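The values are calculated or read from the model by the stated rules, or taken from the named source; none is laboratory data. Keep in mind that this is a model prediction, so the values were computed, not measured. FYI the Cβ positions are ideal-geometry reconstructions off the backbone, even for glycines, and counts take in every protein chain you see. We work out accessible area using only protein heavy atoms, side chains counted, and drop any ligands, DNA or RNA first. Shrake-Rupley method; radii C 1.70, N 1.55, O 1.52, S 1.80 Å.
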Amino acid sequence: MAYLTIFYRLILRPLSRESVRTALMVAAVALGVAVVLAIELAGEAAAGSFRSSVETLAGSGDFEVTATGGVPAAVLTRLALLPYPLKLRPRIEDYAVVAATNRVVPFIGVDMLSDAAANPENTGASEFQRGDFIWTGKEAGWKPGDRVRLMVNDESAEYTVRGIVDGAGDAIVTDLAPAARLLRRGTTLDRILVDVPASRPLDRWEAILRSVLPDGVTLAPQGARTEENRRMLAAFRWNLRVLSYIALVVGAFLIYNTVSVSVVRRREEIGIMRVLGATRFGILGAFLLEAACLGLAGGIAGVALGRLMATASVRLVAATVESLYVSSTPAPIALTWGVVLAGIAIGVLVSVVSALAPAWEASRVAPVEAMARGRRDHEVRMHQRRNLACGAAFAIAAWWASRQPPVGGKPLFGYLAALLMIAASTLAIPSLISVLSRATGTVAGRVVGIGAGVEALLASRSLAGSLRRTAVLAGALSTSIAMLSAVGIMVGSFRQTVLLWMEDRLQADLYLRPAGPAGADRHPTLAPDIAARLEALPEVAAIDQFRAYEISYNGLPATLGGGDARIAGRYGRRAFLSGAHPANVFAQLPGHDRVIISEPFANKHSVAQGDTLDLPLGGRRVHFRVIDIYGDYSNERGYIIMDRGTLLKYLPDPAPSNVAVYLRRGVTLEDGRRAVETALAKRKVMVFTNRSLRAEAMRVFDRTFAITYALEAVAVFVAVMGVAGALLALVIDRRREFGLLRFLGGSTGQIRRIILCEAGLLGLFANIAGMALGFCLSLLLIYVINRQSFGWTIQFHWPVTVLVSALSVVYAATVLAALYPSQVAAKLIPIEVIHED
């Protein structure tokens, strides 16, 4: 028999008759594909950073010279005196805030006279030196002659746009001299880009350049900092991808269930076709082709939907990247043909793989067994013990995997443990449903004894009777609920941990920093005289000046900082991992080359208490001993903290990045804040109370995890859609059963209630299984995946309100999903369905 004939009669005609169920399955695949593509597109767009703007302006290059605290101008002189035709391009790089929009843009100082990439035509040398002239890229949206007010550090001024620089993106460009004045760089540079001739290999040029550089100055291939940022973002983007795959996995469950139901419903047709000469390969191909068609339609729809979802996702992803990792300007979302084909391929591949097992079962149906409709359900019941044993083996394997170290900085064994846990749960689902169905059936039977509850009794027995189909459906829904619960517990635990951490850390009354949005890699400075003004106020008891620098350590970005250790020891309650009292730890810092480090830094770089760090500072390499490690949740980069006096010894720039103010006893918070704001009236400084700073930190936290909740909501929505489709399929499959119930006196209302009771019991079973699995997965997320990815230690906490609310919504949605199938069941005409055979 021709394969296309088999496909048409066995697959296409039933699919066309059941258009609603078909549409639900296509939508499930489409949502899964859309989520994966949206996260990939959004992550790629959000990864564009300030460094990419700088490098676009710089053009092609070979090496970059950098140093913590700035490259001394003497280094530029040394390089210029080398007897080789080198092209040197010094850079000063920072950020400015557009006052009108509060938008952060790169602020770049270049040698505009000699740099052809940034030298506009018809511009005189005197204009480059003017501090009120700026040049911008086309993406900034300004034109020559516009007046723009910018905030640079804690000062605000108006600037005139003198021209447009090609390739500068949205950056602001000016000459080195005014940039050095505005950014308080003195005689230091941020980078020197070096182009070398092609007459020698690059490794030879590297040796020549290193020979004239001081120890504390770093030479690296141009773009190394961008590569560091990409490496740092790798774990974040990987975790987002894994979360996006959950919706795809749920869709795979539902494709499996759809094809399984099709096989069960068409066993008689399969047997008849086998008698008429259809081969096993023909039956297998027909069902796989059905899955491929569903996957193809879902993939095409998923690509279009994914492009729309990416537009919304990129804002959430970019906000997280900006808060925790690196200042970023999202690039346009690029939907290429490669991405389109990948999305379609994902839909088809996942669907075909999901349908392989039930399609293989269909191909093995012998004609003599075709009428044995309940055989497979009986086999599932008979193999429950075997499945439980396999599930236990998977659970043991998951425990082993959770004990393994990360691979390449990624918790690959942690993800493997999660998959093994899900597999173990799936294998245990049939036994769980059997036990719970008997329990609910017993309760319903007692209720029937007093004249009610017959619908619940029939529903519980029906779920147990169709165990194979019910188990797959409950497995899909419970997996979504498990991930929702696990992520909810993890985020709730993280949130509670951060709240407790802030109560210990934020002990000052007021905190000051330059105006403008904050960023993990942005460290604008306050004028050095601000500290003296604040100390002179009668309301102020003490101040703690903190200076931060962005550095590179072992090929990854980190933050180097210095604060007043005596003030921190007097007021601090920061928890150290060794259990030492803060005053005793901070007392060891002044006057010594000693540091404390944050826990993320220690975990990321495998540094322990007592180890030595080798840091390039101020033109030399300095060895610092780690005296303790403290918990920190402010960003994922990691901190190295030393006493302010030690920092000034190597990097003598007194300008602080932020200032903590401790008020005298008896001074109210309002009076203290008013006095500080009056003293700094002409400065663009933001003043936060410890309470407002906590609120702002939690706002950033909630915004950071908004994308996580959105991904979980989509996965649950896909599962609930699957419930609707599967229940509709079950109604169609059991139409003779419902017709018989109507002949025996059952009303349409009772038929509806049976379907709704089945959905309610299914939701109950899935919630129980999902919560049990979710608890185990939350432990894995908190103590393995999160720790190996980001280095944070999180204290376990039950977010009861969030969990109860979320699970209640999922349960209600599951019951509501049964409304349409119950309506279809109630409208069946008994005489027609009884005489179908």
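Which value in deg cm²/dmol, rounded to the nearest 500, describes the helix-derived mean residue ellipticity at 222 nm for the chain, given -39,500 (n - 2.57) per DSSP H run of n ≥ 4 and division by the residue count?
Values: 31 runs with 479 residues, N = 837.
That calculation yields -19000 deg cm²/dmol at 222 nm.
Taking the Cα centre of the chain as the origin, how large is its charge dipole in debye, to the nearest 20, when only Lys and Arg (+1) and Asp and Glu (-1) carry charge on their Cβ atoms? Let's see the in-between values first.
Working: 86 positive and 68 negative charges, 466 e Å.
Here the chain has a charge dipole of around 2240 debye.
Please give the contour-minus-distance gain from LEU308 to LEU202: 0.36 nm per residue of separation, less the Cα-Cα distance, rounded to one decimal in nm.
Values: separation 106, 0.36 × 106 = 38.16 nm, distance 4.46 nm.
In short, 33.7 nm is gained.
Could you provide, to the nearest whole Å², the per residue accessible area of segment 520-661 with probe 1.4 Å?
Values: 5100 Å² over 142 residues.
Per-residue accessible area for segment 520-661 comes out at 36 Å².
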Protection proxy (average C-beta count within 10 Å per residue), highest first, orders 63-72, 513-522, 497-506 as 63-72, 513-522, 497-506
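Ranked highest first by the average count of other Cβ atoms within 10 Å around their residues, in what order do 802-814, 703-715 fall? It would help to have the intermediate numbers written out before the result.
Numbers: 802-814: 16.8, 703-715: 19.8.
Going from most to least packed, we get 703-715, 802-814.
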Computed ³J(HN,Hα) along segment 496-503: with the Karplus parameters 6.51/-1.76/1.60, θ = phi - 60°, integer Hz and x for glycine or proline, the list is 5, 4, 5, 4, 5, 5, 5, 4
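With r defined as the distance between the Cβ atoms of ASP671 and ALA73 and R0 fixed at 30 Å, what FRET efficiency is calculated, to the nearest 0.05? Don't skip to the end; give the middle numbers.
On the way: r = 46 Å, r/R0 = 1.53.
About 0.05, to the nearest 0.05.
Tell me, in nm to one decimal, what length is gained between LEU356 and ASP215 on full extension, where the rule is 0.36 nm per residue of separation less the Cα-Cα distance? List each step's numbers first, then the result.
Numbers: separation 141, 0.36 × 141 = 50.76 nm, distance 6.16 nm.
Contour length minus Cα-Cα distance gives 44.6 nm.
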Phi-derived 3J(HN,Hα) across segment 167-181 with the Karplus relation (6.51, -1.76, 1.60, θ = phi - 60°), rounded Hz, x for Gly and Pro, is x, 8, x, 9, 6, 9, 10, 8, 6, 4, 4, x, 5, 5, 5
Averaged per residue, the 1.4 Å probe accessible area of segment 682-837, protein heavy atoms only, in Å², is roughly 44
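Give me the percent of accessible area attributable to carbon and sulfur for the chain, probe 1.4 angstrom. Kindly include the intermediate steps, with their values, before the conclusion.
Details: 20940 of 34650 Å².
About 60 percent, which is the carbon plus sulfur part of the accessible surface.
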Expressed in square angstrom to the nearest 10, the accessible area of ASP190 with a 1.4 Å probe stands at 40
Once amide hydrogens are built 1.01 Å from N within the peptide plane, the residues lying 5 or more places from GLU155 or on another chain with amide H under 5 Å from its amide H are LYS684
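If you wrap a convex hull around the C-alpha atoms of segment 451-546 and split its volume per residue, what is the figure in Å³? Before the final figure, lay out the partial values.
On the way: hull volume 21.2 nm³, N = 96.
Output value, Cα hull per residue: 221 Å³.
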Computed about the Cα centre, the charge dipole of segment 610-755 from +1 Lys/Arg and -1 Asp/Glu charges at the Cβ has a magnitude in debye, to the nearest 20, of 480
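Ranking request for peptides 578-590, 29-41, 194-206: highest mean number of other beta-carbon atoms within 10 Å first, then the rest in descending order. Present the calculation step by step, with values, prior to reporting the outcome.
Details: 578-590: 16.7, 29-41: 27.2, 194-206: 13.5.
Top to bottom by mean Cβ count within 10 Å: 29-41, 578-590, 194-206.
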Quick shape check on segment 725-831: root eigenvalues a ≥ b ≥ c of the Cα gyration tensor, a/c under 1.5 is rounded, otherwise prolate if a/b tops b/c, else oblate, and it reads prolate
Here segment 545-552 yields Karplus 3J(HN,Hα) values (6.51, -1.76, 1.60; θ = phi - 60°; whole Hz; Gly and Pro given as x) of 8, 10, 10, 10, 10, 7, 10, 10
Taking placed amide H atoms and a strict 5 Å upper bound, the residues 5 or more places from PHE107 or on another chain that come that close are ASP94, TYR95, ALA96, ILE172
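If you build the Cα gyration tensor of segment 505-614 and take the root of 5 times each eigenvalue, what three semi-axes come out, in whole angstrom, biggest first?
Values: eigenvalues 134, 77, 30 Å².
So the equivalent ellipsoid measures 26, 20, 12 Å along its semi-axes.
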Under 5 Å from the placed amide H of PHE133, counting only residues 5+ away or on other chains, we find THR160
Shape descriptors of segment 656-696 over alpha-carbon atoms, Rg and Dmax in angstrom, are 10.8, 28
Cross-link reach from LYS684 to lysines, straight Cα distance under 30 Å and at least 8 residues apart if same chain, gives LYS138, LYS143, LYS649
